[in-house]
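*Asks:* Have a look at this one.
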Amino acid sequence: MLACSEAAYGVRYGEAARDRLLERFDGGDVRCAVTGDGELVGLAAIDDVELTVPGPALLRVAGWSEVAVAPTARRRGVLRALVGALRAEAVADGRAGAVLFASEAGIYGRFGFAPACSAARYQLDLARVRLRPGPAPAGRVHLLRPNEAASALPAVFDAARRLRPGEVDRAAGAFATLLEPTGPAGAARFVAAYERSGRLDGYAVYDVGPRPGGRPGRQVELVELVAVAASAEAALWDHLLATDLVRLLVTGERPVDEALRHRLEDPRALETVAVEDHLWLCLLDPAVALAARRYGAPGRLILEVRTESDPPSRLLLASDGAGSATVAPTTAPADLVLDGAALAAAYLGGTSLGSLCRAGRVQEQRPGARSLATALLATEDAPFCTGDV
Ligand SMILES: CC(C)(COP(=O)(O)OP(=O)(O)OC[C@H]1O[C@@H](n2cnc3c(N)ncnc32)[C@H](O)[C@@H]1OP(=O)(O)O)[C@@H](O)C(=O)NCCC(=O)NCCS
């Protein structure tokens, strides 16, 4: 499995990555594609994942990762066979969907996946930063030692990931990887935590190191900022932006609706370096997935969901106005016709129905259905997945 993975990704794993993968592969949650004469030509790891959906509510989905096909067997349908087997297993296990991070954006659309969350990367020239005060802080920021961080971070993450659509749960072992320094030579990793009444409400993991190209001053690279309250998020940003000697702050993946922008007197100081697709979602059981999330308006909508593999399903979604909805099969005429991947794109609130309509991925069959669907699916925050590490 390790050899197949190394060849597929074109890498040789270092000792730490090797140990992590061997442990994962030995754990057994891996499915392999093997030829008739016993050659292993492909593999994929599977996980039980809890996905936060609008509400917030939690949805059990399958997580697929480490997908690899040997370069000697590529483009002969091995991935297609793996996806078929993984999908059948997930459906049999009662998973309403599957999530993954895609190495390339052209691979998974054909299997009913769509990007359900985007992620942005930013940079901030600290000389341009003048901040409006954030929500009044009731606590304080302090630095955690690595052993303190290892024991404290999982609970904070677990509380925070339940609040924002798009987040997924994370195995405790992943925090060891998060705390290992990965920055450039000469960079040091720190963990700042926001504490209120003896409780941690948020943390930021970041590296402070030299600027590339020998430029003067130092730079902060934000690895992860996670908070359960706006006051914690604001106080952690205050801390990061007040680091002495630092000229530039660059971030890893962050929400596209980064709240910090609205605290900047000069919002252009938060420069968007890139916006990319992030978590990909496939709705294996649209009826269960639609009933699991909550809705922003009352109304009745009939959706016809078309997929490559299954006959179209026509579903009546009846939202009671208090957030809940019932979803049931119907034979009545559809209000909106859409492909399964388009529904996955809109499901967490990360893609507007208007843009999917303009792209021809959603067709309005009854006037007003599109604006009703937009009101139903509306969410307060853009979905975001802090991501695996
Ligand atoms: C990407 C990868 C898994 C594809 O496996 P594969 O066995 O060659 O794929 P299949 O032969 O089953 O292809 C299925 C379909 O996907 C298409 N496809 C496969 N890889 C693709 C890619 N990188 N970009 C666009 N389309 C791709 C094939 O053309 C085929 O299309 P078709 O059914 O319309 O003819 C394999 O090339 C690989 O391991 N790459 C390196 C590691 C990697 O990127 N893994 C994915 C991690 S998310």
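*Asks:* Select from region 115-159 those trypsin sites (Lys or Arg not before Pro) which occupy a DSSP coil region and have at most 11 other Cβ atoms within 10 Å, ordered by residue number.
*Replies:* Passing both the DSSP loop test and the Cβ count: ARG130.
*Asks:* If you don't mind, there's one more thing I want to ask. When the dipole is taken about the Cα centre of the chain, and only Lys, Arg (+1) and Asp, Glu (-1) are charged at their Cβ, what size is it in debye, to the nearest 20?
*Replies:* 860
*Asks:* Related question: So, in Å, what gap is there between the alpha-carbon centers of region 288-339 and region 54-100?
*Replies:* That distance is 24 Å.
*Asks:* Please order ASP257, ASP158 by the number of other Cβ within 10 Å, starting at the fewest. All intermediate terms of the calculation are to be shown ahead of the outcome.
*Replies:* Numbers: ASP257 13, ASP158 16.
Fewest-to-most Cβ neighbours within 10 Å comes out as ASP257, ASP158.
*Asks:* Using Cα-only point scatterers and the Debye equation, what is log10 of I(q)/I(0) for the chain at each q in 0.13 Å⁻¹, rounded to two decimals?
*Replies:* Debye curve over Cα of the chain, log10 I(q)/I(0) at q = 0.13 Å⁻¹: -1.17.
*Asks:* Which of the peptides 32-39, 362-369 is most tightly packed, and how do the rest follow, going by the mean number of other Cβ atoms within 10 Å of each residue?
*Replies:* Highest to lowest by the protection proxy: 362-369, 32-39.
*Asks:* Under a point-charge model restricted to the Cβ atoms of Lys and Arg (+1) and Asp and Glu (-1), what is the dipole moment magnitude of region 93-137 relative to its Cα centre, in debye to the nearest 20?
*Replies:* Dipole of region 93-137, to the nearest 20 debye: 280 debye.
*Asks:* On a full-extension model of 0.36 nm per residue, what is the gain between ALA242 and GLU104, subtracting their alpha-carbon distance, rounded to one decimal in nm?
*Replies:* 46.0 nm
*Asks:* For region 70-82, take each phi angle, set θ = phi - 60°, evaluate the Karplus expression 6.51 cos²θ - 1.76 cosθ + 1.60, and give the result in whole Hz per residue in order, putting x for glycine and proline.
*Replies:* Listing the rounded values in order: 4, x, 7, 10, 5, 6, 10, x, 5, 4, 4, 5, 4 Hz.
*Asks:* Short version: what are the Cα gyration tensor semi-axes of region 286-377, square root of 5 times each eigenvalue, largest first, in whole Å?
*Replies:* Equivalent ellipsoid semi-axes, largest first: 17, 15, 13 Å.
*Asks:* Just to confirm the filter: which chymotrypsin sites (Phe, Trp or Tyr not before Pro) across region 1-72 are DSSP coil and have at most 15 other Cβ within 10 angstrom of their Cβ?
*Replies:* Taking region 1-72 and a limit of 15 other Cβ atoms within 10 Å, the loop chymotrypsin sites (Phe, Trp or Tyr not before Pro) found are TYR13.
*Asks:* Evaluate 2.2 N^0.38 Å with N set to the residue count of region 2-117, then give the Cα radius of gyration divided by it.
*Replies:* Working it through for region 2-117, the quotient is 1.11.
*Asks:* Gap in Å between the Cα centre of region 148-209 and the Cα centre of region 345-389?
*Replies:* Measuring centre to centre over Cα atoms gives 31 Å.
*Asks:* What does a probe at VAL34 reach in region 60-78, counting residues whose amide N is under 15 Å from the point 7 Å along Cα→Cβ?
*Replies:* No residue passes the distance filter.
*Asks:* Counting other beta carbons within 10 Å of each Cβ, put TYR122, TYR203 in order, fewest first.
*Replies:* Working: TYR122 21, TYR203 25.
Ordered from fewest to most neighbouring Cβ atoms within 10 Å, TYR122, TYR203 come out as TYR122, TYR203.
*Asks:* Just going by the charge dipole of region 2-117, with Lys and Arg at +1 and Asp and Glu at -1 on Cβ, which of PHE113, ALA68, GLY36 is farthest out on the positive end?
*Replies:* The residue sitting most towards the positive pole is PHE113.
No value in this document is a laboratory result; all are computed from the given coordinates. Predicted model only: the values in this text are computed from it and were never measured. A quick note on method: Cβ atoms are made from the backbone with ideal geometry, for glycine too, and the neighbour counts reach across all protein chains shown.
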